[in-house]
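The values are calculated or read from the model by the stated rules, or taken from the named source; none is laboratory data. As the structure is a prediction and not an experimental result, all values here were calculated from the model. Here the Cβ is made from the backbone with ideal geometry for all residues, glycine too, and neighbour counts use every protein chain on show. Accessible surface areas use protein heavy atoms only, side chains included; no ligands, DNA or RNA. Shrake-Rupley method; radii C 1.70, N 1.55, O 1.52, S 1.80 Å.
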Amino acid sequence: MIRKFIFGNPIETEALVDSQSIQGMSVEKPGQGIPHFAARLAGEESSWELALDMGERDIIYGLGENIRGINKRGWIYESNCTDDPVHTEGRRELYAAHNFFLVDGRERLGVFVDAPQKVTFDFGYSRRDRLVVTVDPGGFVLYILEGGSSRQIVREFRGIIGRSYIPPRWAFGYGQSRWGYMCEDDIRQVVREHRKKGVGLDSVYMDIDYMEDYKDFTVNQERFPDFPRFVQEMRDQKVHLVPIIDAGVKIQEGYPVYEEGVKEGYFCKKEDQTEFVGGVWPGRVHFPDMLNEKARAWFGDQYKFLLDQGIDGFWNDMNEPALFYGEDHLAEVFEKLEEYSGQELDIQSFFAVKDLVLGLAGRKEDYRTFYHEYRGQRVRHDRVHNLYGYYMTRAAGEAFDRLKPDKRILMFSRASYVGMHRYGGLWTGDNCSWWSHLLMNLQMLPGLNMCGFLYSGADLGGFGDDATEDLLLRWLELGIFVPLMRNHSAKGTRRQEFYGFDHAEDFRGIIGLRYGLLPYLYSEFMKAALTGDMMFLPLSFVYPEDPEAAGVEDQLMVGDGMMIAPVYRQNARGRYVYLPEDMKLYRMRGVDSLESQVLPAGHHYVRAELNEVLVFVRRGHVVPMSEGGCCVEDVDMSSLRLLHFVETEGVYELYYDDGERKDVRLEEGITRILVRADKTVETEGLLSPRCQLI
Ligand code: GLC
């Protein structure tokens, strides 16, 4: 059951597919009966506070992209899309605003706070037994979902927010990225090394250096003299190039995107009707008003420039929108610095100077100085801040529907809000090459799925800081299960392409497993997308009666039949794993090297060498694998190997399609694979694969 409460005069976010279809009740003042919560007005400008008392053992799941554990209890989080590259435990905000959570314990309820402004989630931070949601001034809509299991509540939520974005199948292959590939030869080298060593690869990402002066929708002619030909050269080697698009449009006379945007009034303006100027990679930029329907359509149409040259995938970046500085404030800072210049700095003035300079980036006050034209209204940016990345990605998604109606185009974004999940996936931004971030990657996955983000992933190996071979291997051992499997790193850090390290055979084995597991992973992804389910689940969602499962923070269920338990600690040669039921463990070094053993329910220490992946198959389940391949296109579905833990009977419903069409239906893609106790296999449906039990 879904209940809806309207506070004040909320701005329509279009997080829901059809928010009008749910009857709501207006809340005018505190004390009006909102189930579960005590609501009160707080603060001068009247922000709302919703408080709920928690039981000792209540768990909170959700909030999508966020730091800390699968269970979010015990910290305070903010939805306020922020470009902050150092995701330490003490942070409160990242790039996304995913305001859905689920409380499970004394009572079970799902909560969605549909508010495009800043929202704070105090989940037992101020008081251990209290959950308090504070919504900044401006209206909002509160949805409360009740009844059924945690998984059912999530499905109900996913039902109202609409179907998750589905990428082309090639986007499930391994992608290599690095900020710093400057020219054709840099990219050729990546492809050559992967192909030469037989390490899988489907895509190479192009960071801002492919552009001319970091101008969106341009290609540097010196470094990529014949871009369509180069795109084709890569396609001939079964590699897709995926360029980045940034939110800010460079201010430069003669640059058509800038000139047209100014002429049509498509950029965000200040109070005085002049365009807001910010500083990002290209230097001075204007921000397209992604919330304005016309501007959005115009910005979306720009992707045609690259689509026409053979590009079929993009990543949208810097769309919180990130601000290195706001120009007006920068002028103020320079003025103040002038006052200090020539002076001897005492400790106070030293810190004042430091704060002036460090306070330039992402300054909240700057977000209050420009406006959007949204649904016929002029809205100050901070009131809708969390929608910007969503609407940029929507601009692209809507344009792809117009320009390429029948073909899936890869799209994922850095900033996001619930609703964006219909138009693209996301990556989790600038993490670091830290072991703690490998664990954080795992812990984010169920929350992301709950909020509709299925096609998502972290920079494998870590973006900032220097990666080591063992960290990268271990990270890939998680990454092979994650839909967006991309190794990305920052300029200035240690190179982290596999060939920079010694053991190519280990990388070949691990990355090869991704292609081996593709039949299962693609199928589970598609089933989750088409039925509104999760692909990555906390153990407690599958074993709700098991109190120990509820406490597991470093293992996940992947789809119906599998559990994973990656190693995420330096120098560990194994780990403790909790099995809620008997499972069959497959220890794998590659598609052709695996051993299995049945383990009883309970706690185990399980060995896992640096080049070994642990896959646990549930009783009565079957997990289809392919023979592998060096790219998605080469994965052969006519011959499957079946991981299985079957004593009486096991069935797997394998989904498959052409990997390109947008209009897909679950029923049309199913092949039923039946494994009997006597080890015979029968298949029925779309495909007729040869099957071998392993
Ligand atoms: C941002 C992105 C990162 C990218 C860099 C340069 O930091 O998050 O992925 O490499 O910008 O474009």
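Considering region 351-404, what Rg and Dmax in Å follow from its alpha-carbon atoms?
16.2, 53
Which order do ILE244, ILE694 take by accessible area at a 1.4 Å probe, largest first?
Reading off the accessible areas and sorting them downward yields ILE694, ILE244.
Compute the semi-axes of the equivalent ellipsoid of region 603-694, taking the square root of 5 times each eigenvalue of the Cα gyration tensor, and list them largest first in whole Å.
Over the Cα atoms of region 603-694, the semi-axes work out to 25, 19, 13 Å.
Might you report the magnitude of the Cβ-based charge dipole of the chain about its Cα centre, with Lys and Arg at +1 and Asp and Glu at -1, to the nearest 20 debye?
1460
May I ask you to order 362-372, 457-467 by the average number of other C-beta atoms within 10 Å around their residues, highest value first?
The peptides rank, most packed first, as 457-467, 362-372.
Send over the Kirkwood Rh of the chain, from the inverse of the averaged 1/r over different Cα pairs, rounded to one decimal Å.
26.1
On a 19 Å Cα-Cα criterion, which of the cross-link pairs LYS263/LYS294; LYS354/LYS491; LYS304/LYS527; LYS215/LYS404; LYS72/LYS364; LYS304/LYS404 come out too long?
Listed pairs above 19 Å: LYS354/LYS491; LYS304/LYS527; LYS215/LYS404; LYS72/LYS364.
GLY685: net charge of surrounding residues, Cβ under 10 Å, Lys/Arg +1, Asp/Glu -1, itself excluded?
Working: positive: ARG672; negative: GLU653, GLU667, GLU668, GLU684.
Neighbourhood net charge equals -3.
How big is the Kirkwood radius of region 154-228, worked out from every pair of different alpha carbons and given in Å to one decimal?
On the way: mean 1/r = 0.0670 Å⁻¹.
When all Cα pairs of region 154-228 are included, the Kirkwood radius is 14.9 Å.
To make sure I understand the rule: partners must be lysines, Cα under 24 Å from the Cα of LYS196, and not fewer than 8 residues away in the same chain. Which ones qualify?
Qualifying lysines at Cα under 24 Å: LYS238.
Could you tell me how far the Cα centroid of region 483-500 sits from the Cα centroid of region 23-39, in Å?
49
Per the Kirkwood definition applied to all pairs of different Cα atoms, how many angstroms is the hydrodynamic radius of region 76-187?
17.3
Quick check: net charge around ALA15, other residues with Cβ under 14 Å of its Cβ, Lys/Arg +1 and Asp/Glu -1?
+1
Could you sort CYS268, CYS630 by their accessible area in this structure, using a 1.4 Å probe and putting the largest first? List each step's numbers first, then the result.
Values: CYS268 0, CYS630 40 Å².
Ranked list, largest accessible area first: CYS630, CYS268.
With all protein chains present and a 1.4 Å probe, how do LYS238, LYS196 order by accessible area, largest first? Present the calculation step by step, with values, prior to reporting the outcome.
On the way: LYS238 65, LYS196 135 Å².
So, going from the largest accessible area down, we get LYS196, LYS238.
Between GLN597 and ILE694, 0.36 nm times their residue separation minus their Cα-Cα distance comes to what? Can you show the working numbers first?
Working: separation 97, 0.36 × 97 = 34.92 nm, distance 1.15 nm.
Fully extending the segment from GLN597 to ILE694 adds 33.8 nm.
Taking R0 as 41 Å, what FRET efficiency do you get between ASN571 and GLN189 from their Cβ-Cβ distance, rounded to the nearest 0.05?
It comes to 0.85.
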